[in-house]
Amino acid sequence: MNDIADKGPNSRDGRSDPAYLDPKMSDPMTLAFAEARTAGERGEVPVGAVVVRDGVLLAQAGNRTLGDKDPTAHAELLAIRAACQALGSERLIGCDLYVTLEPCAMCAAAISFARLRRLYWAASDPKGGAVEHGPRFFSQPTCHHKPEVYGGLRETEAAELLRSFFAVRR
Ligand SMILES: [Zn+2]
């Protein structure tokens, strides 16, 4: 499942790019979890996302809907925007998105528009998810780019993070 370990280090050996992912240090989903926890500490719903290409971290973000007063400031959208800025392109060809929660319909659409190669998420979201639930965005005939999808990678950890966040707010 972790293709970074397969192709990342060997494809760019000798580089010491600070954004370069050392598989021994971290992996993209662990970074996404770190972003989710940081978002939770800011009082945001704890969801985090990162965009990676060939083992290089392009962008990482956590939810900022409250802080930015922006209902579209989901972690996935922020990470996609930042990655597009980093690459100077409106398309993220060959890039992979890691997110701690199954994307909503808005983010699924953005993932499709961005032409992301792969989507990995940690916990399924029966209430707001739009990939395996609800609109099942990528399965619709009006969806013109479907990424490879790998869901439920760290279900328990992600579900626990959300549960503890909402528990203290009830
Ligand atoms: Zn979303």
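The values are calculated or read from the model by the stated rules, or taken from the named source; none is laboratory data. Since the model is a prediction, treat every value here as computed from it, not as a measurement. Every residue, glycine among them, receives a Cβ derived from its backbone with ideal geometry; neighbour counts consider all protein chains shown.
What to note about this one:
- Condition check for residue 49: in contact with a strand residue (DSSP E or B) (Cβ under 9 Å, 6 or more places away or on another chain) and either acidic (Asp, Glu) or more than 12 Å from the ligand (Cβ to nearest atom) (or both): no
- Qualifying residue in the stretch 21-44 (condition: more than 20 Å from residue 163 (Cα to Cα), at pLDDT 95 or above and among the basic types (Lys, Arg)): no
- So residue 54, is it touching a strand residue (DSSP E or B) at 6+ places or on another chain (Cβ under 7 Å) and of a type in the set (D, E, K, R): no
- Identity of the residue in the stretch 79-107, surrounded by 24 or more Cβ atoms within 10 Å (Cβ to Cβ) and of a type in the set (Val, Ile, Thr), that ends up nearest to the ligand (Cβ to nearest atom): 99
- Checking 39, 32 one by one, the residue that is surrounded by 17 or more Cβ atoms within 10 Å (Cβ to Cβ), under 11 Å from the mean Cα position of the chain (by Cα) and within 16 Å of the ligand (Cβ to nearest atom) is 32 and no other.
- The set of residues in the stretch 61-78 being within 11 Å of the ligand (Cβ to nearest atom) and closer than 17 Å to residue 116 by Cα consists of 74, 75, 76, 77, 78.
- Failed item in (1) over 13 Å from the mean Cα position of the chain (by Cα); (2) closer than 19 Å to residue 32 by Cβ; (3) surrounded by fewer than 16 Cβ atoms within 10 Å (Cβ to Cβ), with residue 65 passing the rest: (3)
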